[in-house]
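First comes the structure, then the notes that go with it.
The values are calculated or read from the model by the stated rules, or taken from the named source; none is laboratory data. Computed from a predicted model, the values in this text were never measured in an experiment. Cβ sites come from the backbone with ideal geometry, for glycine too, and all protein chains shown count toward neighbours. With ligands, DNA and RNA removed, areas are computed over all heavy atoms of the protein, side chains included. Shrake-Rupley method; radii C 1.70, N 1.55, O 1.52, S 1.80 Å.
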Amino acid sequence: MPHTYKRKPGSKPYTVTPEATLQQAHKRIRNGTSQRDVCKDFGLTRSVLQRYLKKMDAGEEHRAPGGQTVLSLELEQSIVRHLSHLSDWGFPFNFLDLRMAVKRILDRERRNIPFFQDNCRGKEWVRGFMTRHKDVIRQKLCQNISKKRAAVSKQVVTDYFSELQKSLKDVPPIHIVNYDETNLTDDPGRRKMIFKRGVRYPERIINSTKSSTSLMLVGTASGTVLPLYVVYKAENLWSTWTGGGPKGCRFNRSKSGWFDHICFNDWFHTVALPYCSRLEGKKVLIGDNLSSHFNYDILKARERNNIAFICLPANATHLLQPLDVAFFGPMKTRWRSVLIEYKLSKAKNAGIIPKDVFPKLLKKLMDDLPNQSAKAGFEKCGIHPLCAEPVLRRLPSENTEDLQSQSQLNTSISEAFTSQLRELRCGNDSGPAKRARKKKVNVVPGRSIAAEDAAQCEWPGPSNHVPVPVVEEENENEVDGPDSGGYLNSTGIVLPYLVPTIYRGIPSEIFLLHSSHSQAQGCQAMNPIGLNPSSSLSPPCSFPFYAPSPVPVPYH
């Protein structure tokens with residue numbers, strides 16, 4: 001079947017009459033109106049009306065002209081509702097999943113469609129199915145979220161808004177501020193371009209790196225965007241790195257390139273505090289609850305200037321952070337366009353973006369962004385105007401009564417299936433599986449082992465046992481012999497030299513001393529350099545160390 005059906009020239013044209021029109025005409029005729037008057041009033045042909053009346057009298061279902069769908073309309077609508085429900089819970093189907101689901105439905109009903117191989121629908125059927133229901137479902141590029149983010153429940157959102165209502169009481173929108181960190185990368189991303197048909201590896205020559213520059217953005221519920229704060233990855237700051245940037249933009253640096261407590265403290269006192277100090281009344285700063293965002297100086301300044309910090313629930317910034325929801329997406333989309341324009345025009349051979357060019361590109365980016373994006377973020381997050389419904393609508397619905405009432409098929413989503421989806425999305429309370437305790441393996445450097453050999457090569461004893469270095473000076477109690485070298489203690493036991501592999505690189509018989517036993521026997525008397533049992537040694541180092549009750553380790 002072709003993708004798009006084209007009617008042959010000269011073929012009979014079909015006029016699709018709406019089902020509601022035919023039902024009204026049928027009702028008029030049953031009330032005593034003649035067929036001639038009904039056709040004149042509704043603009044119908046006599047043959048169309050008669051065929052419809054004949055089917056209604058025989059109890060047959062009225063079908064549209066042309067080829068009919070394999071599945072009934074009721075079944076297809078039920079599948080559409082299932083797909084919507086699964087996508088709400090974070091487990092959407094792709095085209096292959098849909099085809100396999102329809103195959104299982106037909107197999108369960110013991111229906112065999114002869115022109116489909118093994119009852120499996122093809123790609124053309126999926127395209128037709130999506131076209132028939134394009135007003136309800138469509139294919140979209142999805143992004144992945146973690147289990148912790150997916151576990152944010154309606155109760156968490158409801159509790160957050162109940163506290164938010166108290167904190168934002170009588171606070172004007174210009175006093176409600178949201179701050180968030182983001183970064184701008186040096187990668188312009190991928191785009192759809194025009195290539196010769198059949199090219200397997202389409203490529204575009206443009207330099208890009210994995211470097212990024214951190215930003216702190218601040219927006220208010222009234223739509224105002226405060227001056228930006230930029231953090232470079234560097235140990236020093238140069239004057240050429242700050243010229244030509246957006247108005248009021250401030251620049252700093254850190255060794256990691258990310259915001260630390262020093263950068264955040266400087267941002268608060270140079271950007272947030274000057275803005276809030278000009279406003280009368282209570283001010284509210286909404287952000288995440290990172291530990292680097294709070295210190296004694298910030299909290300004292302908050303108290304003096306009547307500023308309240310509101311921390312978002314954990315793992316819920318994708319739902320409740322206004323800048324994340326509505327501002328950063330358009331900003332980064334526009335940034336890719338600015339980056340491509342720069343790389344293809346003035347910097348064809350440039351690798352990383354020079355830091356003296358970054359402020360100019362940043363200014364161009366911010367000039368092209370509408371400030372209303374920040375205001376839209378506060379509305380979508382339900383902060384201003386205060387309303388939890390926009391956020392709750394984005395969470396999956398646990399109510400299946402509507403699904404079951406609309407469809408009487410056996411494939412309706414049941415409460416058991418919903419509980420299974422809830423467990424897949426939110427997990428259970430049993431916690432992660434306990435990991436097996438690892439043990440050090442005593443192996444010759446450069447030698448490989450199998451899993452069966454690991455148990456025989458395990459380093460014995462608890463972690464507070466201390467291996468002791470080799471003794472290389474002569475001693476009168478030393479015992480001669482190729483395999484029995486060591487000290488002869490007062491009990492007559494030969495103590496071999498203790499040779500850790502870190503010094504010799506070869507395996508040896510090693511005696512370990514338990515720390516509590518060593519202390520009982522006078523550890524300081526036996527330790528001429530005063531080594532703490534928990535300390536480490538740096539080579540070269542050698543000293544005599546003996547004990548009355550050694551614990552041998554098998555020689556490998």
Whose amide H sits under 5 Å from the amide H of ALA308, counting only residues 5 or more places off or on another chain, with H placed in the peptide plane? LYS283, VAL284, LEU285
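Out of all Cα-Cα pairs in region 188-237, roughly what percent, to the nearest whole number, are more than 17 Å apart? Numbers along the way, then the final one.
Values: 793 of 1225 pairs.
The answer is 65 percent, as a whole percent.
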Please give the FRET efficiency for LYS247 paired with LEU96, using the beta carbon to beta carbon distance and R0 = 56 Å, rounded to the nearest 0.05. 0.60
Charge dipole of region 84-160 built from unit charges on the beta carbon (Lys, Arg +1; Asp, Glu -1), centred at mean Cα; most positive-end Cα among VAL136, PHE95, VAL152 is PHE95
Count the DSSP beta bridges whose two residues both fall in region 203-278, then state the antiparallel fraction as a percent rounded to the nearest 5. 45 percent
Which value, in Å² and to the nearest 10, is the accessible area of VAL284 when all protein chains are kept and the probe is 1.4 Å? 0 Å²
Simple SL model, points at 7 angstrom along Cα→Cβ for LYS192 and ARG46; separation in nm is 5.2 nm
A correct Karplus calculation of ³J(HN,Hα) over region 88-99, with 6.51 cos²θ - 1.76 cosθ + 1.60, θ = phi - 60°, whole Hz and x for Gly and Pro, returns 4, 8, x, 10, x, 8, 9, 4, 5, 4, 5, 5
For the pair ASN183 and LYS380, how long in nm is the line joining their label points, each one 7 Å along Cα→Cβ? 2.3 nm
Can you pull out the trypsin sites (Lys or Arg not before Pro) in region 295-382 that DSSP calls coil and that have at most 13 other Cβ atoms within 10 Å? LYS346, LYS348
Would you mind computing, in nm to one decimal, how far apart the modelled labels at ARG108 and SER345 are, each placed 7 Å from Cα along Cα→Cβ? 5.9 nm
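Which of LYS283/LYS380; LYS123/LYS154; LYS140/LYS233; LYS154/LYS247 have a Cα-Cα distance over 29 Å?
LYS123/LYS154; LYS140/LYS233; LYS154/LYS247
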Added length on full extension, which subtracts the Cα-Cα distance from 0.36 nm per residue, SER208 to SER292: 27.1 nm
PHE161: net charge of surrounding residues, Cβ under 15 Å, Lys/Arg +1, Asp/Glu -1, itself excluded? +2
Mean projected area in nm² (Cα convex hull; one quarter of hull surface) for region 113-253: 18.2 nm²
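Rolling a 1.4 angstrom probe over the protein heavy atoms, how many square angstrom per residue are accessible across region 118-230?
66 Å²
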Please report the carbon-and-sulfur percent of the accessible area for region 314-391; probe 1.4 Å, protein heavy atoms only, DNA, RNA and ligands left out. 52 percent
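Take every Cα pair under 8 Å in region 94-174 that's 6+ residues apart, average their separations, divide by the length, and report that relative contact order as a whole percent.
Across region 94-174, relative contact order equals 21 percent.
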